[in-house]
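Written out below as structure tokens is the structure these notes cover.
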Amino acid sequence: MNTDLANVVYDVARMMELAARTAPKTRGDDFIMVKILRGEILKRLADSMVDFGQQKGKGNFDRDGANVAAPQALVLIGLKDAATAGLNCGACGFSSCQELEAASKVDIEFAGPLCSYRHLDLGIALGSAARTAQLFNVDNRIMYRVGAAARHMGLVDWEFVMGIPLSASGKNIFFDR
């Protein structure tokens with residue numbers, strides 16, 4: 001790939017970071033984290049995705065890993081230390097925010113449980129970032145398996161994370177699956 005084109009894709013990734021950072025958030029509280037990856041780390045992440053899927057006996061990590069080995073950049077967007085919104089709405093499955101905070105934590109692919117409003121905040125940030133990529137005609141796809149592998153290999157210590165690989169080529173590589 002042309003180095004100049006790869007640099008343009010990186011610039012778009014930085015604009016996606018801005019879009020995620022400035023996306024609206026519940027009560028104005030910001031627990032969104034963003035990290036941009038490019039270069040050799042993408043191959044390591046792709047290999048980790050395949051290994052993770054094999055270790056856990058989960059499908060499609062190999063397929064998505066192949067998609068992560070090829071792009072010019074990848075944006076990780078997630079939640080870290082996300083406090084409850086304090087609304088006692090029950091959307092998380094608990095009767096109160098205090099019950100959610102006291103609940104036993106699990107850490108499988110992601111750590112939880114988390115406040116449903118924080119997941120909504122993450123969804124808005126992901127949508128804002130993906131829309132930014134689309135505005136510049138950079139192919140992208142939001143992938144959850146990227147986040148599970150990124151956590152597994154220690155790239156991030158966030159509770160919940162998704163990845164958006166970015167590619168500029170003649171055909172969208174994220175839909176040739």
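Can you pull out the trypsin sites (Lys or Arg not before Pro) in the stretch 49-152 whose DSSP state is coil and whose Cβ has at most 10 other Cβ atoms within 10 Å?
Passing sites in the stretch 49-152 are Lys105.
Which whole-Hz couplings ³J(HN,Hα) result when phi for each residue of the stretch 110-125 is put into the Karplus expression 6.51 cos²θ - 1.76 cosθ + 1.60, θ = phi - 60°, listed in order with x for Gly and Pro?
9, 9, x, x, 10, 4, 4, 5, 5, 5, 5, 4, 5, x, 5, 5
Output the Kirkwood hydrodynamic radius of the stretch 24-109, Cα pairs only, in Å rounded to one decimal.
Answer for the stretch 24-109: a Kirkwood hydrodynamic radius of 15.8 Å.
In terms of the Cα gyration tensor, with a ≥ b ≥ c the square roots of its eigenvalues, is the stretch 128-169 rounded because a/c is under 1.5, prolate because a/b exceeds b/c, or oblate?
Prolate is the answer for the stretch 128-169, as a/c is 1.5 or above and a/b outweighs b/c.
Which lysines does Lys25 reach when only Cα atoms under 30 Å apart count, and residues fewer than 8 places away in its own chain are ignored?
Within the straight-line cut-off, Lys25 pairs with Lys35, Lys80, Lys105.
With N set to the residue count of the stretch 79-139, report its C-alpha Rg divided by 2.2 N^0.38 Å to two decimal places.
The reported ratio for this selection is 1.40.
For the stretch 74-177, what's the radius of gyration and Dmax over Cα atoms, in angstrom?
Rg and Dmax of the stretch 74-177, Cα atoms, are 15.9, 51 Å.
Could you tell me the distance between the Cα centroids of the stretch 55-104 and the stretch 109-147, to the nearest Å?
Comparing the Cα centres of the stretch 55-104 and the stretch 109-147, I get a distance of 10 Å.
From zero up to wherever the largest Cα-Cα distance of the stretch 36-85 sits, split into 10 Å bins and tell me the percent of pairs in each.
25, 40, 25, 9
What does the convex hull of the Cα atoms come to per residue for the chain, in Å³?
Here the figure is 107 Å³ per residue.
What's the whole-number percent of alpha carbon pairs in the stretch 6-61 lying beyond 13 angstrom?
71 percent
With a cut-off of at most 16 other beta carbons within 10 Å, and DSSP calling the residue loop, which chymotrypsin sites (Phe, Trp or Tyr not before Pro) in the stretch 125-177 qualify? Please list them.
Counting only loop positions with at most 16 other Cβ atoms within 10 Å, the chymotrypsin sites (Phe, Trp or Tyr not before Pro) in the stretch 125-177 are Phe136.
Residue by residue through the stretch 89-96, which ³J(HN,Hα) values in whole Hz follow from phi under the Karplus form 6.51 cos²θ - 1.76 cosθ + 1.60 (θ = phi - 60°), with glycine and proline marked x?
Values, residue by residue: 8, x, 4, 7, x, 10, 6, 8 Hz.
All of the numbers you see were taken from the coordinates with simple rules; none came from a lab. Since the structure is predicted, the reported quantities are computational estimates derived from the model, not experimental observations. Methodologically, a virtual Cβ is constructed for each residue, glycine included, from the backbone with ideal geometry; neighbour enumeration extends over all protein chains shown.
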